[in-house]
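Note sheet for the following structure.
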Amino acid sequence: MHTESKVIWDRCLLYIRNQVSEQTYQTWFTPIVAKHFKDNVLTIQVPSQFFYEWLEEHHLSLLKQAVRQELGPTGKLAYAVVIDKGNKRQKPLLINLPTYPGPAPRSIPALASNNELLQLNPNYLFDNLIEGSCNQLAKSAAQAVAKQPGETAFNPLMIYGGVGLGKTHIAQAIGHAVQSAFPDKKIVYTASEKLTAQFIEALRGNQIHSFTAQYLTVDLFILDDIQFLSGKEKTQEFFFHIFNHLHQLKKQIVITSDAAPRNLKGLQERLLSRFKWGLTADLQRPDFETRVAIIESKMIADGITFPSDLIYYIAQHVDTNVRELEGVLISLMAHASLGKQDLNVALAQQVLKHIVQHAPTVEATIESIQQKVAASYPISLEALTSKSRKKENVAARQVAMHLIKKYTAHSLKSIGAYFGGRDHTTVMHALQVVEERLQTDAHYARLYAAIEEKIKCKQ
Ligand code: ADP
Ligand code: MG
């Protein structure tokens, strides 16, 4: 039976192929599988509901002609739509749909020719992406995908990582690479927010069909920042169908997210479960050496040179993400060009004060701070932690408490305990006194800053 249906369908295909463009034929007819033939009804299997609707709307008369030619006037066509690929244990679910007369073919806006609308940042290339252990897996998976879109096991490829760690860069690098290696492939890069907005727009304009159709013929679909689909149920639904359709046709899907799939709140389970089909690669914060390499590469790109101590200083102090690193570099260059200042560590210190909101990470303990404060005044460690009311001891003690509060996570109570069992109100009072004096007493502020420097440098 199966072979009979195949023979009939193959003959239909021969007929159809002569009537449509090769592109249309490849997109809409080769994915169809003949299922069975019974009572003069030929059942064909199509990859998705959208696919079915598209055929009905655009190629119904052609299909009818083909079937009539092969089976005579009583010949009929039925569809089996793959609703879900199913997993290994569960068989794919099929539903049969009779052909319906369907609305008169409506003309849809002509689709932009291949990749005309593809907007990629020209700098987001693999060549400009510094590799480190932080992004190795993601980068090599992305490169593999770009070489053979849809052909690797990495489908979908899901890249996740915090803000500014290079998700968009990698995703677009795939787009660039595919575009130059396979100029005929249709590529879509879109951010989730944009997709949602366009989807709503299409709903409003009653254009869902043509809107959807554009995505069904895509060879590489890149969806950036999928976390913004959370709570957008209709758009998720839409994406789910596109996803299934493209995946079924072995088209490549790339997704980025700022959270691991399991932490993507507000995304439907069935969508999340799809991501397990491919590879999930995470991006970490770059380590010191990678940060140095990134700074150097950006310098080369901008045609400037920083002294190496400046590079190390920046790499040491800006350790959150690459975007922030770039921000600091731009700021430094701006300061240097505006104020005609030299690009040096002093300038970097000044710039970082404004840019980096968090205090640089300093590994300090109560004991080490106490030691440094005592040595600076100088008084003995015993005097520092004693109940002595001598003016100098009190002043040193207050500074020590302030610095401890600033550089450790100890509570007021715990700090008090390290100073001869004082209570938290004493510590609170000390913090206030220091804050006040820092504002009003320049000499005191300098002394404080000098001690602080010693705490920041690790020795
Ligand atoms: P995300 O999308 O994860 O928030 P982006 O891809 O926008 O991050 O990256 C932020 C900036 O940092 C971009 O300008 C990007 O080019 C740059 N960047 C990120 N990672 C690297 C890297 N490994 N090498 C060079 N530049 C990088
Ligand atoms: Mg991004």
Taking the inverse of the average 1/r across all pairs of different Cα atoms in segment 113-282, what Kirkwood radius in Å do you get? 15.9
At 222 nm, what helix-only mean residue ellipticity would the chain give, in deg cm²/dmol to the nearest 500, using -39500 (n - 2.57) for each DSSP H run of four or more? -16000 deg cm²/dmol
Carbon/sulfur fraction of accessible area - segment 27-78, other protein chains in place, 1.4 Å, %: 50
In square angstrom, what is the accessible area per residue of the chain with a 1.4 angstrom probe? 52
List the aspartates and glutamates whose alpha-carbon lies under 12 Å from that of Lys232, not counting same-chain residues fewer than 8 positions away? Glu193
Once the in-chain neighbours fewer than 8 apart are removed, the lysines whose Cα is under 26 Å from Lys35 read Lys6, Lys64, Lys76, Lys85, Lys88, Lys91, Lys250, Lys251
Roughly speaking, what % of Cα-Cα pairs in segment 297-350 are separated by over 16 Å, rounded to a whole number? 35
Can you give me the angle between helix 233-248 and the longest principal axis of the chain, using Cα atoms only, in degrees from 0 to 90, rounded to the nearest 10? 60
How about Lys298: which lysines have a C-alpha closer than 27 Å to its C-alpha, ignoring those fewer than 8 places off in the same chain? Lys139, Lys147, Lys167, Lys340, Lys353
Of the accessible area of segment 237-290, with the probe set at 1.4 angstrom, what percent is carbon plus sulfur? 48
Gain on full stretching of the segment that runs from Ala417 to Ser337 - 0.36 nm per residue minus C-alpha separation: 23.7 nm
On each of the three principal axes of the Cα atoms of the chain, give max minus min coordinate, whole Å, ordered largest first. 111, 49, 38
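The values are calculated or read from the model by the stated rules, or taken from the named source; none is laboratory data. Computed from a predicted structure; not experimentally measured. SASA here: full protein model, heavy atoms, side chains in, ligands and nucleic acids out. Shrake-Rupley method; radii C 1.70, N 1.55, O 1.52, S 1.80 Å.
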